[in-house]
2 protein chains.
Amino acid sequence: MAKETNEGIKIKKEENFSEWYTQIVQKSELADYTAVSGCIAYRPDGYAIWENIQRIVDKELKQLGIKNVYFPLLIPENYLKKEAEHVKGFSPEVAWVTETGNSKLSERLAIRPTSETIMYPSYAKWIRSWRDLPMRYNQWNTVLRWEFKNPIPFIRGREFLWNEGHTVFASRKEAEKEMKDIINLWVNFSKEYMALPSLSGQKSEKEKFAGAEYSWSTEFILPNGKAVQGPDAHFDGTKFSKAFSIEFLNKDGKKQNPFQNTWAISTRQIGVMIAIHGDNNGLVIPPKIAPTQVVIIPILFDDSKLKVLKEAQSIKKKLESRGISVRLDDREEYTPGWKFNEWELKGIPLRIEIGPKDLQKKQVITVRRDNNKKEFIKSNTIEKSVVSCLEDIQDSLYKKALKQLKSKIVEVKNFKEAQLQLKNKGIIFAPWCASTECEENFKEKTGGAKSLNSPFKQPKLNHECFMCGKKAVSWFYFGKSY
Amino acid sequence: MAKETNEGIKIKKEENFSEWYTQIVQKSELADYTAVSGCIAYRPDGYAIWENIQRIVDKELKQLGIKNVYFPLLIPENYLKKEAEHVKGFSPEVAWVTETGNSKLSERLAIRPTSETIMYPSYAKWIRSWRDLPMRYNQWNTVLRWEFKNPIPFIRGREFLWNEGHTVFASRKEAEKEMKDIINLWVNFSKEYMALPSLSGQKSEKEKFAGAEYSWSTEFILPNGKAVQGPDAHFDGTKFSKAFSIEFLNKDGKKQNPFQNTWAISTRQIGVMIAIHGDNNGLVIPPKIAPTQVVIIPILFDDSKLKVLKEAQSIKKKLESRGISVRLDDREEYTPGWKFNEWELKGIPLRIEIGPKDLQKKQVITVRRDNNKKEFIKSNTIEKSVVSCLEDIQDSLYKKALKQLKSKIVEVKNFKEAQLQLKNKGIIFAPWCASTECEENFKEKTGGAKSLNSPFKQPKLNHECFMCGKKAVSWFYFGKSY
């Protein structure tokens with residue numbers, strides 16, 4: 001038997017969230033640090049979650065009519081500079097290639113922080129007439145943003161994996177219709193698959209994407225009361241099409257700049273999932289995004305080993321025939337107890353135990369990861385029981401997360417209340433004038449809190465700005481954020 | 001109707017292969033050049049082929065027990081230098097990041113040309129005991145090799161997409177078993193899906209991977225008689241595990257360096273496919289790798305439009321129910337003739353035409369892309385006919401390519417015959433002493449030809465080396481290559 005021990009999480013989530021988070025990422029073997037600060041190694045269990053996110057989102061994007069492409073990793077400096085606000089937003093974080101082999105380059109090449117400026121010169125070449133529109137392209141790739149803030153695996157890093165959609169339409173109306181489809185996709189994907197409730201709405205002028213006319217975001221609130229911006233969508237209007245001379249002949253035979261959107265989802269969602277669902281025993285992965293949904297652990301004794309293994313394999317097959325992904329952990333170099341800890345730490349939604357006594361009783365034992373509930377299930381109803389149990393876990397995780405989210409938000413009417421709410425590690429919901437000056441003032445006075453977004457569905461508004469007292473134009477969420 | 005015209009390929013494959021290739025890549029809209037020399041933009045039709053390659057290969061790798069991971073894009077210079085032969089092989093082609101934002105980095109970071117040197121320090125950390133082995137990881141990513149040869153889209157570029165498998169085993173035997181599984185996967189995938197016959201075998205000492213003990217490759221011969229190295233596999237023995245201090249406690253409790261393999265398939269295969277199957281009318285995509293297998297073109301007249309479209313949609317559904325991917329091109333801004341040219345240029349394996357007269361006769365017209373053969377098919381047998389037709393196209397393409405490959409290879413006994421064969425744009429098969437000195441001599445005297453590989457199945461050998469007259473140790477293929 002194993003002499004090795006598996007080490008659990010040594011700190012409580014409620015006591016030190018940051019340290020708990022760091023431990024869980026490494027001990028559950030989702031990812032590890034590397035020699036390059038801010039760039040992590042995605043281990044198989046972490047990367048498999050990203051593959052699931054990609055698979056599901058990619059399918060939905062294709063159903064919307066979006067096609068995948070791939071553009072170069074490197075962007076010539078003069079391209080990056082073509083849209084003024086855009087370069088201002090990104091250039092402080094760009095990693096520059098200046099040498100190749102033993103030679104200096106005549107022009108620096110940026111590793112893409114985002115790909116507008118390498119894609120749109122090609123768009124300008126490819127788009128000629130209204131017949132070429134809409135052009136709705138997307139790419140899944142890696143990007144670099146050389147931030148100097150403290151990196152946090154998945155949540156904030158210098159390299160991350162994402163998709164970037166870059167779409168072009170003949171009319172503003174079509175582009176804005178897509179904005180709605182995409183933000184709905186992000187909200188529903190987060191909810192249905194990752195059991196993550198979000199705050200969705202429009203970003204402030206100050207916080208919108210560098211180069212956009214307006215930005216929509218999803219925001220997720222972590223247990224420490226800090227917000228994380230999730231997948232987003234930006235309506236760029238004709239800003240980039242003008243900067244990059246993208247033009248098309250419309251049906252009247254006139255030249256026109258088309259309208260553009262960009263949108264993205266990233267590996268950050270994995271971090272949000274860890275932070276919100278994880279507990280003091282480790283990771284908790286929602287069944288609909290879990291690479292392994294069920295682990296079967298046979299209790300092996302010499303005299304009944306073959307029978308038990310046979311039954312375990314038969315259960316595996318039965319469950320797989322219902323589309324459930326199952327791992328049978330029949331390793332003999334580890335004890336069942338070691339395995340229980342291992343798969344708990346790794347967040348597998350449901351554990352099935354089967355030993356010789358269970359075989360006699362024609363039953364198995366199931367243990368839910370989310371609430372540790374143990375049940376005896378008759379072997380002949382196992383597929384149905386497991387399917388419904390996984391659904392219930394998914395549902396419970398979402399409900400719990402939604403309850404937690406709601407508990408973090410407080411409506412405030414003035415800055416004093418806002419300060420108290422920040423002190424209590426909460427999120428502010430307040431009527432706001434939405435001016436950049438007011439936001440900068442708020443940020444300074446709170447030591448870095450900022451607006452998150454303005455929900456699409458607005459409560460009645462007949463208020464003064466909670467901050468400056470002028471007429472409020474919209475309800476907004478505010479908080480500390482990553 | 002369209003005033004636009006679609007332009008066909010303006011040059012014959014047999015007259016100017018290079019120019020024909022360049023035109024076909026751009027006009028079929030697989031890819032386009034960008035401002036960064038050697039880095040192409042993959043357009044939707046090109047990227048979709050890569051997605052199919054990835055999907056099929058990834059599934060097969062997972063069935064072999066291999067798991068996906070993701071490691072950082074950037075490699076610290078001191079890591080890249082840890083294995084002497086490896087750094088010697090790659091450093092002339094490395095793109096270096098030296099600045100981020102407005103600061104100079106204290107140590108240069110290489111954009112990965114391949115990931116051994118960023119992955120193996122993590123492997124050293126993660127691998128402790130025999131229980132952790134085998135560790136069979138793979139990543140799909142982009143790599144940069146800043147070559148100064150003339151770039152050719154897909155075939156040779158500074159950035160390309162690939163997978164890189166990096167596996168670790170407790171014993172040489174297990175590692176070498178995997179080498180066989182992988183090379184078989186590459187040969188069979190190329191044959192079955194891409195209809196591409198290959199020469200598979202062991203590379204020479206001079207041509208093996210920088211850092212490997214030995215390398216196996218697949219080689220493809222283009223119509224111009226030049227070879228392209230395709231997917232490969234390298235047995236590294238303990239070279240890297242020693243250089244990176246990867247050690248494990250074996251079952252006897254002793255520390256030991258494990259054995260490693262690396263292997264890859266890249267976007268180059270798309271180039272090989274274009275070059276070998278394409279013809280003077282454009283691209284020809286083998287059905288089993290084609291993103292769109294069938295295009296339906298309805299012949300629309302005002303008085304029968306609705307009926308014809310309805311039938312076309314019904315055919316589409318029927319074919320899709322059999323797993324066939326179908327595009328119904330019902331655009332009214334283009335003529336049927338324009339569409340015929342378009343889809344021919346784009347290499348869709350089978351075209352179905354349907355007009356009002358066909359409706360009356362309860363038939364459709366099918367036109368095969370590979371041989372232009374036209375057939376009238378009864379509507380009620382269409383699924384069966386199309387399935388068997390696609391199979392026949394796949395089969396015919398392979399047979400034609402195999403015949404062409406065989407016609408390019410000539411067995412030679414001495415250097416004079418070898419020279420003649422190179423002059424005739426062919427591949428040499430010859431008994432060889434396999435010494436690096438002899439290979440360098442051959443390369444110099446032929447203006448750059450080199451050994452390709454030594455086939456696993458060797459003919460009887462009782463010869464002198466075709467080049468230096470010493471005792472031959474193996475039959476080898478030689479030729480000019482990309």
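The values are calculated or read from the model by the stated rules, or taken from the named source; none is laboratory data. Since we're looking at a predicted model, the values are computed, not measured. All Cβ positions, glycine included, derive from the backbone under ideal geometry; neighbour counts span all protein chains shown. Quick note on the areas: whole protein, heavy atoms, side chains included, nothing else; ligands and nucleic acids left out. Shrake-Rupley method; radii C 1.70, N 1.55, O 1.52, S 1.80 Å.
What do you reckon, is residue B:279 over 20 Å from residue B:182 (Cα atoms) and without any contact (Cβ under 8 Å) to a residue 60 or more places away in the chain? The answer is no for residue B:279. For the stretch A:438-447, which positions are in contact (Cβ under 8 Å) with a residue 24 or more places away in the chain and either open to solvent by 100 Å² or more (accessible area, probe 1.4 Å) or farther than 15 Å from residue A:476 by Cβ (or both)? Passing the criteria: only A:445.
For the stretch A:106-126, filtered to residues that are within 9 Å of chain B (Cβ to nearest Cβ) and not in a strand (DSSP E or B), the residue that is nearest to residue A:70 (Cα to Cα) is A:119.
For the stretch B:455-477, a tally of residues being buried (at least 19 other Cβ atoms within 10 Å of the Cβ) and under 16 Å from residue B:221 (Cβ atoms) returns 2.
Just checking, does the stretch B:215-222 include any residue being out of contact with any helix residue (DSSP H, G or I) (no Cβ under 9 Å at 6 or more places or on another chain), assigned to a strand (DSSP E or B) and either at pLDDT below 95 or within 26 Å of residue B:476 (Cβ to Cβ) (or both)? Yes - at least one qualifying residue is present in the stretch B:215-222. You will find that of A:439, A:417, the residue that is touching a strand residue (DSSP E or B) at 6+ places or on another chain (Cβ under 9 Å) and under 28 Å from residue A:156 (Cα atoms) is A:439 and no other.
Sub-6 Å Cβ pairs linking a first residue in the stretch B:58-72 that is over 11 Å from residue B:138 (Cβ atoms) to a second residue that is acidic (Asp, Glu), at least 6 apart or interchain, are B:72/A:159, ordered by first then second residue.
Just to be sure, is residue A:30 facing chain B (nearest Cβ under 8 Å) and either β-branched (Val, Ile, Thr) or open to solvent by less than 10 Å² (accessible area, probe 1.4 Å) (or both)? Against the criterion (facing chain B (nearest Cβ under 8 Å) and either β-branched (Val, Ile, Thr) or open to solvent by less than 10 Å² (accessible area, probe 1.4 Å) (or both)), residue A:30 does not qualify. Considered as a group, the residues in the stretch B:274-313 that are touching a Ser or Thr at 6+ places or on another chain (Cβ under 9 Å) and part of a helix (DSSP H, G or I) include one that is least open to solvent (accessible area, probe 1.4 Å), and that residue is B:274.
The single condition from (1) farther than 30 Å from residue A:408 by Cβ; (2) in contact with a Phe, Trp or Tyr (Cβ under 9 Å, 6 or more places away or on another chain) that residue A:247 fails is (2). Taking the stretch A:3-43 as the range and being assigned to a loop (DSSP other than H, G, I, E, B), small (Gly, Ala, Ser) and within 23 Å of residue A:161 (Cβ to Cβ) as the test, the residues that pass are A:28, A:35, A:37, A:38. Summed over the stretch A:316-335, the residues that are part of a loop (DSSP other than H, G, I, E, B), in contact with a helix residue (DSSP H, G or I) (Cβ under 7 Å, 6 or more places away or on another chain) and open to solvent by less than 20 Å² (accessible area, probe 1.4 Å) give a count of 2.
The residue that is modelled with the lowest pLDDT, counting only those in the stretch A:56-105 that are open to solvent by less than 10 Å² (accessible area, probe 1.4 Å) and more than 10 Å from chain B (Cβ to nearest Cβ), is A:86. Taken as a whole, the stretch A:248-270 holds no residue that is touching a residue at least 12 places away in the same chain (Cβ under 8 Å) and of a type in the set (Asp, Glu). Restrict the check to the stretch A:230-248 and report whether at least one residue is at positive phi, open to solvent by 40 Å² or more (accessible area, probe 1.4 Å) and not in a helix (DSSP H, G or I). For the stretch A:230-248, residues at positive phi, open to solvent by 40 Å² or more (accessible area, probe 1.4 Å) and not in a helix (DSSP H, G or I): present. Search the stretch A:207-219 for residues being of a type in the set (Ser, Thr, Tyr) and under 18 Å from the mean Cα position of the chain (by Cα), and hand back the single one that is surrounded by the most Cβ atoms within 10 Å (Cβ to Cβ). Per the criteria, the residue is A:218. Does residue A:270 fit the bill of being assigned to a loop (DSSP other than H, G, I, E, B), of a type outside the set (Gly, Ala, Ser) and touching a Gly at 6+ places or on another chain (Cβ under 9 Å)? Against the criterion (assigned to a loop (DSSP other than H, G, I, E, B), of a type outside the set (Gly, Ala, Ser) and touching a Gly at 6+ places or on another chain (Cβ under 9 Å)), residue A:270 does not qualify. Considering only the stretch A:134-144, state which residues are over 17 Å from the mean Cα position of the chain (by Cα), open to solvent by 20 Å² or more (accessible area, probe 1.4 Å) and within 12 Å of another protein chain (Cβ to nearest Cβ). Passing the criteria: A:136, A:137. Looking at B:190, B:204, just one residue is in a loop (DSSP other than H, G, I, E, B), at pLDDT 95 or above and either aliphatic (A, V, I, L, M) or open to solvent by less than 10 Å² (accessible area, probe 1.4 Å) (or both), and that residue is B:204. Criterion applied to B:220, B:189, B:209, B:148 was being among the aromatic types (Phe, Trp, Tyr), more than 13 Å from chain A (Cβ to nearest Cβ) and farther than 30 Å from residue B:433 by Cβ, and the one residue passing it is B:189. Considering the stretch A:398-424 alone, what residues qualify as being of a type in the set (Val, Ile, Thr) and open to solvent by 40 Å² or more (accessible area, probe 1.4 Å)? Matches in the stretch A:398-424: A:409, A:410. The condition of being buried (at least 18 other Cβ atoms within 10 Å of the Cβ) and in contact with a Ser or Thr (Cβ under 7 Å, 6 or more places away or on another chain) holds for only one of A:185, A:222, A:161, that being A:161. For the stretch B:347-368, the set of residues classified as open to solvent by less than 20 Å² (accessible area, probe 1.4 Å) and part of a loop (DSSP other than H, G, I, E, B) consists of B:347, B:348, B:349, B:355, listed by residue number. Does the stretch A:104-123 hold any residues that are closer than 12 Å to residue B:98 by Cα and more than 26 Å from the chain's Cα centre (by Cα), and which are they? Within the stretch A:104-123, A:104, A:105, A:108, A:109 meet the criteria. Going through (1) facing another protein chain (nearest Cβ under 10 Å); (2) over 32 Å from the mean Cα position of the chain (by Cα); (3) part of a strand (DSSP E or B) one by one, residue B:131 falls short only on (3).
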